[in-house]
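The values are calculated or read from the model by the stated rules, or taken from the named source; none is laboratory data. Values in this document were obtained by computation on a predicted structure and should not be read as measured data. FYI the Cβ positions are ideal-geometry reconstructions off the backbone, even for glycines, and counts take in every protein chain you see.
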Amino acid sequence: MTKTTDPDELRVKPHTKVRLRDWDTAWAGTKELRHLRGDKLKQEAHEILQRNLKRLSDAQDLLWASDKYALLFVLQGMDAAGKDGLIKHVMSGVNPQGCEVSSFKRPTDEDLQHSFLWRYTRRLPARGRIGIFNRSYYEDVLVVRVHPEWLEKQHLKPSHSLWRERYDDINNLERHLTQNRTVIRKFFLHVSRKEQKRRLLERLDNPQKHWKFSESDLAERAYWNDYVDAFEDALSATSTRHAPWYIIPADNKWVARALVSEILADAICDLKLKFPEPTQEQLAAIRKARRVLES
């Protein structure tokens, strides 16, 4: 089976300093993909995605049936990086009964009366389920860091120690979750500023995409360098062995989708789960049911 890449090539190693300029936003994966362009690249990446969706669907069945682990899928990126589309395509093959997407907007007044992690912990997946965080608790060391005035409602002041304490809180939470059998995979969709501009213009030019345009997208684009600094620090401080970050080249949406689907499928398959063996009582009930149905 053709693979997009060795996932370790995209994984942020613990205790390393991330410099996003060193990561190619248009990287396409294996040698087989790298020489392709345009529709041919899209077609090959789409075929890899479809194979991974079958693997992911089968893996989800095992996750659900074994009821031993949960999977938390964290997705972050700049505006127009392709988060919504990636979730739509990558999760299209899973059973929606065992999967839940949580999208986090600005915190409510109730949220602000609690610690910054409170509203996110309420949406964590139970055993057997896949939880998808479209944006996450990382917003509180990204957007809030770029807009420190938002801390006023929490009666806090920005400082280097505040962000360091929040990184520690996040690492402690993720360590706790992992020790309690939640598998965590975190993805930063790495899109170039040039490609973001093209996608934002496409939203303006295409009437069917006008609904996706927000004036805040343009406002936030002016803080591009501040966001890069915030992402670099967060990725460097919070990529751990048990909760790794993957920097996904996102200028080509189909390549990004193929890469993420492969890493998620591998994450569940690596657990070596098996369908539970029936008890003697269950076997007796099965034999009885067969006799009834066949009589």
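Points to keep in mind about this one:
- R127 falls short on exactly one of the conditions (1) out of contact with any Pro (no Cβ under 7 Å at 6 or more places or on another chain); (2) at pLDDT 95 or above; (3) within 30 Å of N252 (Cα to Cα), and that condition is (3).
- Of all residues making up the range 59-102, the number that are among the small types (G, A, S) and assigned to a loop (DSSP other than H, G, I, E, B): 5
- Just one of the numbered conditions (1) surrounded by 11 or more Cβ atoms within 10 Å (Cβ to Cβ); (2) within 22 Å of the chain's Cα centre (by Cα); (3) not polar (S, T, N, Q) is not true of D270: (1).
- Selection of first residues in the range 99-123 that are in contact (Cβ under 8 Å) with a residue 24 or more places away in the chain and over 17 Å from F73 (Cβ atoms) and of second residues that are surrounded by fewer than 16 Cβ atoms within 10 Å (Cβ to Cβ) and not hydrophobic (A, V, I, L, M, F, W, C), restricted to Cβ pairs under 6 Å at least 6 apart or on distinct chains, gives the following pairs, ordered by first then second residue: L112/K153.
- Any hit, the range 189-198, residues being assigned to a strand (DSSP E or B) and touching a Gly at 6+ places or on another chain (Cβ under 6 Å): yes
- Counting only residues that are outside any loop (DSSP other than H, G, I, E, B), free of Cβ contacts under 8 Å to residues at least 12 places away in the same chain and not small (G, A, S), the range 228-284 holds 5 of them.
- Put simply, of Y227, Y223 the only residue that is out of contact with any strand residue (DSSP E or B) (no Cβ under 9 Å at 6 or more places or on another chain), crowded, with 17+ Cβ neighbours inside 10 Å and hydroxyl-bearing (S, T, Y) is Y227.
- The single condition from (1) basic (K, R); (2) crowded, with 17+ Cβ neighbours inside 10 Å; (3) not in a helix (DSSP H, G or I) that K157 fails is (2).
- The range 1-26, residues that are among the acidic types (D, E) and at pLDDT below 95: D6, D8, E9, D24
- Answer residue from the range 128-154, given it is charged (D, E, K, R) and touching a strand residue (DSSP E or B) at 6+ places or on another chain (Cβ under 7 Å) and is surrounded by the most Cβ atoms within 10 Å (Cβ to Cβ) among those: R129
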